[in-house]
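The structure appears below as structure tokens.
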Number of protein chains: 2
Amino acid sequence: MELPTFYSYYRSSCSWRVRTTLNWKGIDYETIPISLIKDEQKTPEYKSLNPFQVVPTLEIDGTVLTQSIAILEYLEETRPEKPLLPKDPTKKALVRSLVQAIASDTQPITNLRVIKYAGKEEWPKYWVTNNFQFIEVQLASTAKEYCVGDEVTLADVCLVPQVYNALRWEVDMTKFPIIHRIYIKCLELDAFKAAHPHRQIDCPSELKEI
Amino acid sequence: MELPTFYSYYRSSCSWRVRTTLNWKGIDYETIPISLIKDEQKTPEYKSLNPFQVVPTLEIDGTVLTQSIAILEYLEETRPEKPLLPKDPTKKALVRSLVQAIASDTQPITNLRVIKYAGKEEWPKYWVTNNFQFIEVQLASTAKEYCVGDEVTLADVCLVPQVYNALRWEVDMTKFPIIHRIYIKCLELDAFKAAHPHRQIDCPSELKEI
């Protein structure tokens, strides 16, 4: 059987979510880098795979999947071993709520194309700081070792890349001790570590940590 | 058993998604309006229910659910009659991908708080026009009567409120004939019609259509 093909950009937080999940579930895959700074997501070849002109895209099981959250749900459903969603519907809704607080409320506003168009230097720092306040409050009642209880879930998978970006934008993480603790804790795990932007084949050599 | 309580704002597209789904599945509920223009989402009482300080929030089955997409998934899982997701994982991923193209890529950037902070008059029109281009291309290969094939799915549930907003912002919908056709078609269905902002108890009288 052919290896899944993963179209990814090393620093894209949405790509990182999927890399972590593939690693977590032990799914081997091949990476094809799509450089967002070179606008490679707009080539006719890539657009025919991903009409939304964003990364990531995953070719797996003879099909093409787009949008990271849809991909995570697909992998969870078709590879239920090493689950990243709790079985209980209420707890599952709690995980998915945190996923959306990151993947809908936070990441899209601080997406490269939105930052460029906004034309305000403080834009990404402002929004991440604003939304991390809310997420920190929520985690105060749901987190133990990880975002929801003691098991790694899709909430952690989405949180880690968002914190990496927050640090790039010099967000003061001392204001968000729970978020920061979970970030550090997750990066001790192989699945997260191997998915780190600095370990990807398209990472510029000055940042590379392989 | 107590009726579910739904905290909602008439013009919030995320609230509309949940209203449509509750109606579609025949779940009776009570509405408590939260006025976003009066900042009622920031009161201590509401924040204790919804730490993200956004609408909607749904109290159901003895629990409190936040984030519209997490709520839709919960309702789909716990009330599988009149499904809004296909059974096949690949088709399901296609629906969820369209859901995220709206709920992550489009709606959050055109959220009231983001529009205010951006301070550019053309902001919401620009982003909706930009993203509808991509969604129109995707629908050209997935849509029949509705977004994915001939059945109503969560993709339609999310699309309709986004088009209503697009029309408010004077987006030229003649550029997006598939999106517009599906919008019109969905609004012929009772579940969508009854969920329309102009039929909500907190809709100002000059817009009201009850």
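Read-outs: derived from the displayed coordinates by stated rules, not from any lab. Note that this is a predicted model, so its numbers are computed, not measured. Methodologically, a virtual Cβ is constructed for each residue, glycine included, from the backbone with ideal geometry; neighbour enumeration extends over all protein chains shown.
The table below lists the values:
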item	result
Modelled FRET efficiency - R0 35 Å, B:Asp28 with A:Ser205, Cβ distances, 0.05 increments	0.05
DSSP-defined antiparallel bridges as percent of all bridges, the protein assembly as shown, nearest 5	60
Relative contact order %, chain A, counting alpha carbon pairs below 8 Å whose residues are six or more apart	24
Values of log10 I(q)/I(0), in the order q = 0.21 Å⁻¹, for the stretch B:5-81 under a Debye, Cα-only, solvent-free model	-0.88
Global geometry of the stretch B:61-210, whether rounded, prolate or oblate, following the gyration tensor of its Cα atoms and the 1.5 cut on a/c	rounded
Shielding by other protein chains, B:101-107, mean Cβ within 10 Å	6
Summed residue charge, Cβ within 11 Å of B:Glu30's Cβ, Lys/Arg positive, Asp/Glu negative	-3
Relative contact order [Cα under 8 Å, 6+ residues apart], the stretch B:91-210, whole percent	24
Of the GluC sites (Glu not before Pro) in the stretch A:106-210, those whose Cβ has at most 11 other Cβ within 10 Å and which sit in DSSP loop	A:Glu121, A:Glu122, A:Glu170, A:Glu188, A:Glu206, A:Glu209
Centre separation in Å (Cα based) which lies between the stretch B:76-122 and the stretch A:141-210	25
Percentage relative contact order, the stretch A:16-102, counting C-alpha pairs under 8 Å, at least six apart	23
Fraction of antiparallel bridges per DSSP, the stretch B:5-81 only, in percent to nearest 5	65
Candidates A:Ile179, A:Ile37, A:Ile135, ranked by Gaussian network fluctuation over chain A, Cα under 10 Å, top entry	A:Ile37
Exercise: per-residue mean of other protein chain Cβ atoms within 10 Å, B:75-81	1
Overall Cα dimensions of the protein assembly as shown, principal axis frame, Å, largest first	64, 46, 43
For the stretch B:1-144, alpha-carbon Rg over 2.2 N^0.38 Å	1.13
The stretch B:154-203: equivalent-ellipsoid semi-axes (sqrt of 5 x gyration tensor eigenvalues, Cα, Å)	19, 14, 8
Violating pairs (Cα-Cα greater than 32 angstrom) within the set A:Lys116/A:Lys144; A:Lys38/A:Lys193; A:Lys25/A:Lys47; B:Lys25/B:Lys47; B:Lys92/B:Lys185	A:Lys116/A:Lys144
Nearest-0.05 FRET efficiency for A:Leu3 and B:Asp61, computed from C-beta distance (R0 60 Å)	0.90
